[in-house]
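Take a look at the structure below.
The values are calculated or read from the model by the stated rules, or taken from the named source; none is laboratory data. Here the structure is a predicted model, which is why all the values come from computation and not from measurement. Cβ placement follows ideal geometry from the backbone for every residue including glycine, while neighbour counts extend to all protein chains displayed. With ligands, DNA and RNA removed, areas are computed over all heavy atoms of the protein, side chains included. Shrake-Rupley method; radii C 1.70, N 1.55, O 1.52, S 1.80 Å.
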Amino acid sequence: MSGIDVEEEWKILIGGEHVSTENHYDIIDPNTTEVIGHAPEATDQHAIEAAAAAKEALRSWKALSMDERCGYIGRAADAIESACGDWVNLVQAETGATIRVARTMQVAGAFVDRFRYYSRPHEMEQPLAPLYSAASALAPESLITGNVIRQPVGVVACITPYNFPLVNVAGKLAPALAMGNTAVIKPAPQDPLAIIKLGEILNEVLPPGVVNVIVGSSPDVGAALVDTKDVDMISFTGSSTVGAKIMESGGKTMKRLLMELGGKGALIMTEDCDVQAAVGGIASVWGFHSGQICTAPTRVICHRDIYEPTIEALKAVSEFMTVGDAREEGTLVGPVITESHRDRVEAFIQSGIDDGAEVVVGGERPKQDGFFVAPTLLTDCTPDMHVVKEEAFGPVVVVMPHDGDDHAVELANNSDYGLFSYVYAGNTTRAYEIAQKLESGNVALNSIAPHMYAPFGGFKMSGVGRDRGRWGLEAYSEIQAINWPS
Ligand code: NAD
């Protein structure tokens with residue numbers, strides 16, 4: 001494995017010290033099924049110690065001005081940028097990303113940008129308008145004024161999913177640190193090695209204990225962070241099922257919560273839309289990172305008048321979605337993360353077939369070794385089917401016809417999820433009107449491109465709270481109002 005030392009000892013990071021663990025577990029390349037490293041197996045006690053170390057570092061970190069903290073984040077961005085080019089092989093091996101996705105999206109791009117964005121200080125104070133207050137038993141007559149300021153929440157546990165390990169962590173860590181919080185990172189068990197590298201770099205630049213990294217194969221280490229009183233906030237990205245568990249157990253210690261959860265993105269096509277543009281949009285995400293992306297438009301809701309041409313166009317584009325070795329330049333669709341996840345996606349497709357859907361593209365396991373799923377298109381779908389309601393987190397798209405805008409909105413909203421939806425219509429005004437009726441945290445019109453600094457988050461089971469841009473800083477803060485007589 002080029003550039004990867006399988007015998008390298010990987011350690012967790014607590015209070016500025018790289019700590020060896022007694023046990024380790026294998027990290028598997030989903031492309032080849034080879035072991036590429038042995039990740040440290042932290043215990044619950046390690047998680048508790050990491051939270052205590054973050055608490056210890058909190059006092060001096062939050063005492064710095066935002067300018068000073070942003071200076072640290074800027075230096076961290078420089079250090080990460082010069083080191084991370086060397087992580088491409090590693091990230092590709094542990095995530096199964098294709099070369100293009102690994103180079104441009106896993107390791108660079110959004111990952112470094114998020115540190116850069118939060119290295120610029122933001123004004124977070126908000127003055128209150130003076131308010132006349134009549135004399136009362138409580139206080140004499142006065143004109144009261146004040147300020148609303150933002151305080152850090154405290155120690156933030158960043159618990160993240162496997163699909164984009166570095167990007168997911170950066171999106172939490174950078175705003176949390178800028179606001180004056182300290183952190184414990186708990187990456188997904190499947191691909192934690194690049195996060196350990198990130199911790200090493202951050203530990204060289206930041207004061208000890210400001211960032212700690214805990215890794216484990218079992219959910220218990222994450223659960224220990226949710227339970228300990230030393231953690232004030234859980235910033236979680238992952239499945240809605242685990243998110244709900246964390247909300248329940250976090251309630252005991254009144255954890256502040258940011259929940260970025262699952263999605264089943266609806267893509268509405270009106271009869272006057274540009275079918276080729278919509279199909280191009282769907283195709284660019286259908287097999288992207290093997291469909292392991294929460295914002296993917298996987299529920300196509302297409303006007304009946306353009307239903308057949310849309311399916312024909314989707315069939316045509318699927319011909320170009322080469323499944324194969326993620327290390328080959330021509331590959332568009334690499335493997336999904338694990339054998340068990342491949343089995344889950346296959347069972348998901350089978351449930352659609354059992355419920356009466358027709359497989360018009362894919363549906364069969366590709367021949368290669370590794371955990372591959374062919375891009376699959378299911379038609380004849382109805383709103384009550386499991387494949388329509390649930391997230392596959394694989395390259396599976398379902399199509400349903402609609403009879404007009406209101407019907408399309410009804411079908412789109414008939415979902416427990418509400419993360420990212422898309423509207424393709426003949427003009428932006430019509431698309432905008434439809435968008436306003438959608439129960440979805442984000443909506444893109446006639447495009448699949450997100451605005452990277454728009455508030456991001458979900459309605460319903462897709463989450464609680466918003467991050468990115470200024471909303472990221474707000475998410476990692478407590479509001480404090482200070483008032484005085486003017
Ligand atoms: P997952 O929910 O299985 O795991 C996410 C993280 O939670 C992992 O680090 C895991 O170890 C940890 N965890 C599991 N049980 C826990 C517990 N009881 N207490 C504390 N931590 C626990 O998710 P996954 O399979 O890694 O990722 C796929 C999911 O993530 C999909 O549902 C996808 O939609 C979602 N996702 C959402 C976004 C978003 O921004 N909304 C982004 C990426 C992925």
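For the reader, a short list of remarks on this structure follows.
- Counting only strands (runs of 3 or more DSSP E) wholly contained in segment 127-218, the ones carrying 1 or more residues that are within 16 Å of the ligand (Cβ to nearest atom) and modelled with pLDDT of 95 or more occupy 155-159, 182-186, 211-213.
- All of Ala77, Ala108 fail the test of being of a type outside the set (S, T, N, Q), over 30 Å from Phe372 (Cα atoms) and either in the same structural domain as Asp220 (by TED's automatic domain parsing) or in contact with a Cys (Cβ under 7 Å, 6 or more places away or on another chain) (or both), apart from Ala77.
Residue-wise test of (1) crowded, with 24+ Cβ neighbours inside 10 Å; (2) within 12 Å of the ligand (Cβ to nearest atom).
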position: Asp403; (1), (2): no, no
position: Asp406; (1), (2): no, no
position: Ser415; (1), (2): yes, no
position: Tyr422; (1), (2): yes, no
position: Thr429; (1), (2): no, no
position: Leu438; (1), (2): no, no
position: Ala449; (1), (2): no, no
position: Tyr453; (1), (2): no, no
position: Ser462; (1), (2): yes, yes
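- Failed criterion for Glu248 (all others in (1) charged (D, E, K, R); (2) farther than 22 Å from Phe456 by Cβ; (3) within 9 Å of the ligand (Cβ to nearest atom) hold): (3)
- Residue that is of a type in the set (A, V, I, L, M, F, W, C) and surrounded by 16 or more Cβ atoms within 10 Å (Cβ to Cβ), where the choices are Leu64, Leu58: Leu58
- From the options Val226, Val300, Val231, Val242, residue that is within 9 Å of the ligand (Cβ to nearest atom) and open to solvent by less than 10 Å² (accessible area, probe 1.4 Å): Val226
- Set side by side, the residues Pro309, Pro297 differ, and just one is at pLDDT 95 or above and within 30 Å of Ala93 (Cβ to Cβ), which is Pro297.
- Residue in segment 303-321 that is least open to solvent (accessible area, probe 1.4 Å), counting only those that are farther than 18 Å from Glu271 by Cβ and assigned to a helix (DSSP H, G or I): Ser318
- Test result for Glu390, modelled with pLDDT of 95 or more, closer than 30 Å to Phe371 by Cα and surrounded by fewer than 24 Cβ atoms within 10 Å (Cβ to Cβ): yes
- Complete set of residues in segment 1-53 that are open to solvent by less than 10 Å² (accessible area, probe 1.4 Å) and touching a Leu at 6+ places or on another chain (Cβ under 9 Å): Trp10, Leu13, Ile27, Ile36, Gly37, Ala39, Ala47, Ala50, Ala51
- Residues of segment 356-371 that are open to solvent by less than 50 Å² (accessible area, probe 1.4 Å) and in contact with a Ser or Thr (Cβ under 8 Å, 6 or more places away or on another chain): Gly356, Ala357, Val359, Val360, Val361, Gly362, Gly363, Gly370, Phe371.
- Restricting attention to segment 252-297 and to residues that are among the charged types (D, E, K, R) and out of contact with any Lys or Arg (no Cβ under 6 Å at 6 or more places or on another chain), the residue that is most open to solvent (accessible area, probe 1.4 Å) turns out to be Lys252.
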